[in-house]
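First the structure, in the form of C-alpha cells, and then the observations on it.
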Amino acid sequence: TPNNSKLMKNTLKMLKKGFRPVVVVILRWEAKLVLKKYKPKIIGVTGSVGKTSTKDAIYEVTKNYLSVSKSEKSYNSADIGVALTILGCQSAWYSILGWLDIFFHGLFLIVFKKDYPKWLVLEIGVEYPGEIAQIVKWVKFDHAVVTFLPDMPVHVEFFSSPAEVIKEKMLLAKAVPAQGKVLINADDKNVAAHLGGIKGEILTFGFNDLADYRAEAQGVLYDETGLPSGLTFKFEHNGKSLPVRVGGVVGEHQIYPVLAALALGDILGVNVIEMIEVLKDYKPAAGRLRVLPGLKNSVVLDDTYNSSPAAAAAGLKTLSLLQVKGRRIAVLGDMLQLGTYAPEAHREIGYLAAEVCDLVYTVGLRSKFIDEVFIEKGLGEKVRHFDDSLSAGQTLQNEIEAGDVILVKGSQSMRMEKTVVEIMAEPDKKEKLLVRQEAEWL
C-alpha cells in the first residue's frame, strides 16, 4: 500500500543516516591499514571537469605495463569512495550484508598476504570544504593530475566562492612530495594563481605552445555516412609528433584526458607509441560525450553523467563545430549545486545555446532561466520546456529527423540518461552504453 511504501522509504533513510558514519569509520580504518601494509604508489586525479575520463585513460594506457588499479566508476568521495577504491570494492548501497562482506574483504587484505596493485589511480572529488585537506592527511600521493578548474566549478554551492573550490582542489597538487610530478592543464588560467606551495616538479599538458605535452591539429572523425564517430589529434613532445585516434567520443575537451594519460604514462616509462595503439580501442566512460547511434539515422552525444557550466559550454561548443546534415539539437537539464550562482549560470548557457542550436529542450526548474534567454531574444519557438527527462525524450523521439545531432546534458539528479533511452537507436543495449543502469538507480 502507499502507506507501507512510505514507511519502507523512511526506514531506509533512517538506516542510511545511522549506518553511514559506522561504514565511513570502518572503511577508512581498513584502507589506512591496507596502504600501510602494501605501500602502493598513488596517482591522484582532481579538477572540476574530466576527472573520471582522465583516471580511466591513465589506467587504460598503463594497465598492460604496470600493476595498476583505479577507482571504479566515479568513486571519488572523501568519506567512502576513496576507501572503497583502496579496498578494491564497489558500494553495497543499502545492503547491510553487502557492507559486512566489504568489511570482511578488508580484513582479509590486512591479515593475509595477497596480490595487491603496485599503483593506484584515485579520482578525488570535492563536495564540501575541507575534504581534500582531510584526504591528504592519510593518503600519500606520489603524483597528481589537475584536469581543469573553471571560473564556475560544480559544488560551488557549499563554498563561499568559486575561488575557494579551486583552492581546495589544489591542495592535492601541494601534497605531492618533491620527487613527484604534478601535471596541470597549460590552458587553464585559474591554475596559474595557485601554484605556490607545490613541491613536486610541475609539468604541463594542453594546446598551449609552451605545454610540455601538447596537442595540435585536432579534428573529428566521420563514418562512411558522414556522421561523427571519433576524434583525432597530434601528440607533441620532445620534438616528436605522433597521430592519435580515439573512437566513439568527440569534443576538444575530450582530448585533455587522453593527453594527460599519455603524459603520465611517459613519466612512468611506458612506451608512447604503444599507448597510442591502445587508445584506438579505448572507449571513454559512459555519459562522457560518447557518440551513440540515434533514431532515424541521427546521432546522440550522450553527455549525461553530470553537468556544470564549463562542461555544458564545452558540450555546446562541440555541437557547434560538428559537420551536421540535419539540425543541431540540445536537451539541457538543470545544473545543480550552484547555489546563488544558478540563475546567472543557466542564462549564460542559454545565450550559448541560442547561438548554436536549431532546437532546445530544457528540463527542470532551473533550466527555465535558459528559456528566458530564448524568449528575450525572440527565439521562443526554438525552445520547449519539460518537467522531467523522460517526457523530453518521449516527445523528441517523434520529432527527430535524419542527420540530426542531439546533445543531451544535465546534472546527475536530473537523470538525463532517461532521455537518451528514448532517442537512441539501440535501447536494448542501454545497460552497456549508458550511465546509472544499476538496479539501485533504476
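For the reader, a short list of remarks on this structure follows.
- When restricted to residues that are in a helix (DSSP H, G or I), under 23 Å from Lys51 (Cβ atoms) and of a type in the set (A, V, I, L, M, F, W, C), segment 292-330 contains 7.
- With respect to the conditions (1) in contact with an Asp or Glu (Cβ under 7 Å, 6 or more places away or on another chain); (2) without any contact (Cβ under 8 Å) to a residue 40 or more places away in the chain, Ile110 falls short on a single one, namely (2).
- Inspection of segment 400-415 identifies at least one residue that is charged (D, E, K, R) and under 22 Å from the mean Cα position of the chain (by Cα).
The rows are residues; the columns are (1) of a type in the set (Gly, Ala, Ser); (2) in contact (Cβ under 8 Å) with a residue 40 or more places away in the chain.
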position: Met335; (1), (2): no, yes
position: Pro343; (1), (2): no, no
position: His346; (1), (2): no, no
position: Ile349; (1), (2): no, yes
position: Ala392; (1), (2): yes, yes
position: Val408; (1), (2): no, yes
position: Ser411; (1), (2): yes, yes
position: Glu426; (1), (2): no, yes
position: Lys430; (1), (2): no, no
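- The residue of segment 98-107 that is most open to solvent (accessible area, probe 1.4 Å), among those that are aliphatic (A, V, I, L, M) and touching a residue at least 60 places away in the same chain (Cβ under 8 Å), is Leu107.
- Checking each residue in segment 45-95 for being touching a Phe, Trp or Tyr at 6+ places or on another chain (Cβ under 7 Å), in contact (Cβ under 8 Å) with a residue 40 or more places away in the chain and in a loop (DSSP other than H, G, I, E, B) picks out Gly47, Ser48, Val49, Gly50, Leu66, Ser67.
- Restricting Gly326, Gly315 to residues that are in contact (Cβ under 8 Å) with a residue 24 or more places away in the chain and either buried (at least 22 other Cβ atoms within 10 Å of the Cβ) or under 23 Å from Glu376 (Cβ atoms) (or both) narrows the list to Gly315.
- Among the residues here, Val220 qualifies as open to solvent by 40 Å² or more (accessible area, probe 1.4 Å) and under 22 Å from the mean Cα position of the chain (by Cα).
The values are calculated or read from the model by the stated rules, or taken from the named source; none is laboratory data. What you see is a predicted model; the values in this text were computed from it and never measured. Because the Cβ atoms are built from the backbone with ideal geometry, glycine has one as well, and the counts that use them run over all protein chains shown. Just so you know, the surface numbers come from the protein's heavy atoms only, side chains and all, with ligands and any DNA or RNA stripped out. Shrake-Rupley method; radii C 1.70, N 1.55, O 1.52, S 1.80 Å.
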